[in-house]
Amino acid sequence: MVLDDLGSSLRGTLDSLRGKSRISEEDVEEVVKEIQRSLLQADVDVSLVMELSDSIKERSLEEEPPGGTTARDHVLSIVYEELVDLVGESTDLPLEEQTIMLAGLQGSGKTTTAAKMAWWFSKKGLRPAVIQTDTFRPGAYEQAKQMCERAEVDFYGDPDEDDPVKIARDGLEETEDADVRIVDTAGRHALEDDLIDEIEDIEAEVQPDRSLLVLDAAIGQGAKDQAQQFETSVGIDGVVITKLDGTAKGGGALTAVNETGSTIAFLGSGETVQDIERFEPNGFISRLLGMGDLKQLTERVERAMEETTEEEEDWDPEDMLKGEFTLKDMKRQMDAMNKMGPLDQVMDMIPGMGGGLMDQLPDDAMDVTQDRMRNFEVVMDSMTEEELENPRSIGASQIRRIAKGSGQDEDTVRELLEQHKMMSQTMKQFQGMGDGDMQRMMKKMQQQGGGGGGGGGLGGFGPF
Ligand SMILES: Nc1nc2c(ncn2[C@@H]2O[C@H](COP(=O)(O)OP(=O)(O)OP(=O)(O)O)[C@@H](O)[C@H]2O)c(=O)[nH]1
Ligand SMILES: [Mg+2]
């Protein structure tokens, strides 16, 4: 994740405060030094870093921690508040009918972002469409069309037309049925006059409700100049920062936007259409500090559950919270987990599981886990219906048969059964929670979190 280094080094320093009830000036000095180092490394502007450190120092020493708060939690909450302040607010983006125009320099990620945003809106229950007006870059039409197919959203473009304004006009007509229309535009090397003219012409035709500037995170604090230039010449309502997965300078870009008085709408962190998230300062910073991000997690869980339920019409995820938790349920849960995305991302969102705990794992621990899940699936494919429904009936001879049939060793079969037992115990804890409301389930997890791991939460996959 972006600013990963800040997250882990900060946690290390904060952990040295564990057990202390009072904070000394040296303690704070130590924490602040670590923050400075990480932020500067992430290309955050020096004067911003200094301001932030002064404020953290002052508040940590002067403010009285609320009763029962440890020194560590006191400082952590101040660091949290100050960092949330530093990145600023999220661009206002109501879930309603609207037209959004994307602008930005060449290669900043506009076309990819258009498809990603369309995907995001479709998951919010709105019908999106992408209109590709880029006649400058060869292949732009094909690229956008393919990405929209992958995102399963409507698309309009015209490879034979070379007037972007006409494409925009036709596109608006053709996508009349859509709720959210996202207009992709061409990019140039720099903000030159002809790019400004083109954007202004398209804007006059489209009359977007919002214009978003797409910025590549690799420009770091250079984001400030770029955002200012676009604001002055074409006007922007918010920023999308892309490629946060590929640069150490993301912190610079994130904080620079707030400095220009603009806000961030979305973050992009990968090449597939799902690699987008709405920028939520609170969740973002709390994830960074290893405090989890329940909102993102709830969204992902709900989305994955929905998709899994869609595929198997007779299955209701809430059934798991009622009767017996069978191997079939476990298999579905594993499918749903897979749909949530890479496990390490998911883990970062679980309070008490992300951050600190992740730092202690070897880098490939999560891959092993994913391999293990795949092995489990193969094993389950070799089981009979009766065995899947009633795993307790599986004895030594069946284990032998299943291992042979699946080409896995017997230990893997036993591990699977063991894992199932653990998960069904976890499920029992969630039972009796009435209608199985996800929010409440998450809350319960949050309360259990902090202590870190166990077999809790989403089933306790992995080496915990
Ligand atoms: N790793 C990563 N790559 C990205 C991300 N967003 C975009 N890219 C890649 O960056 C390259 C440029 O992205 P585009 O979406 O074509 O950028 P653009 O702004 O439309 O480019 P022009 O239309 O030429 O101005 C592509 O190879 C994308 O796959 C991201 O969040 N992470
Ligand atoms: Mg493009």
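Can you give the convex hull volume of the alpha carbon atoms of region 107-211 per residue, in Å³?
Details: hull volume 9.7 nm³, N = 105.
Taking only Cα atoms, region 107-211 has a hull volume of 92 Å³ per residue.
I'd like to check one number: the per residue accessible area of region 127-281, probe 1.4 Å, reported in Å² as a whole number.
Details: 6640 Å² over 155 residues.
Averaged over the residues of region 127-281, the accessible area is 43 Å².
Sticking to Cα atoms, compute the Rg of region 169-210 to one decimal and its Dmax as the biggest Cα-Cα distance, whole number, in Å.
Reported Rg and Dmax, both Å: 11.8, 35.
Between Glu64 and Glu324, with labels modelled 7 Å along Cα→Cβ, what's the label distance in nm to one decimal, could you check?
Those two pseudo-labels are separated by 5.9 nm.
Give me the number: length gained by fully extending Gln398 to Asp201, i.e. 0.36 nm times residue separation minus the C-alpha to C-alpha distance, one decimal in nm. It would help to have the intermediate numbers written out before the result.
Working: separation 197, 0.36 × 197 = 70.92 nm, distance 7.08 nm.
Extra length available between Gln398 and Asp201 comes to 63.8 nm.
Per residue and in Å³, how big is the convex hull formed by the alpha-carbon atoms of region 35-183?
Numbers: hull volume 24.9 nm³, N = 149.
Here the figure is 167 Å³ per residue.
In debye, nearest 20: dipole of region 168-268 around its Cα centre with unit charges on the Cβ of K, R (+) and D, E (-)?
Magnitude of the dipole: close to 840 debye.
So, in nm, how far is label Lys166 from label Gln370 when the simple model puts each one 7 Å beyond its Cα toward the Cβ?
Going from the Lys166 label point to the Gln370 one covers 4.6 nm.
Modelling each spin label as a point 7 Å along the Cα-to-Cβ direction, I'd like the Ala190/Glu81 distance in nm, to one decimal.
If labels sit at Ala190 and Glu81, their model points lie 4.4 nm apart.
Which FRET efficiency value, to the nearest 0.05, is calculated for Glu307 and Gln425 with the Förster distance at 25 angstrom and r the Cβ-Cβ distance? All intermediate terms of the calculation are to be shown ahead of the outcome.
Details: r = 26 Å, r/R0 = 1.06.
The pair Glu307/Gln425 has a calculated efficiency of 0.40.
Beyond 23 Å, what share of the Cα-Cα pairs of region 158-259 remains, rounded to the nearest whole percent?
Working: 1795 of 5151 pairs.
That tail contains 35 percent of the Cα-Cα pairs.
The values are calculated or read from the model by the stated rules, or taken from the named source; none is laboratory data. Computed from a predicted structure; not experimentally measured. Cβ atoms come from the backbone with ideal geometry, glycine included; neighbour counts cover every protein chain shown. Just so you know, the surface numbers come from the protein's heavy atoms only, side chains and all, with ligands and any DNA or RNA stripped out. Shrake-Rupley method; radii C 1.70, N 1.55, O 1.52, S 1.80 Å.
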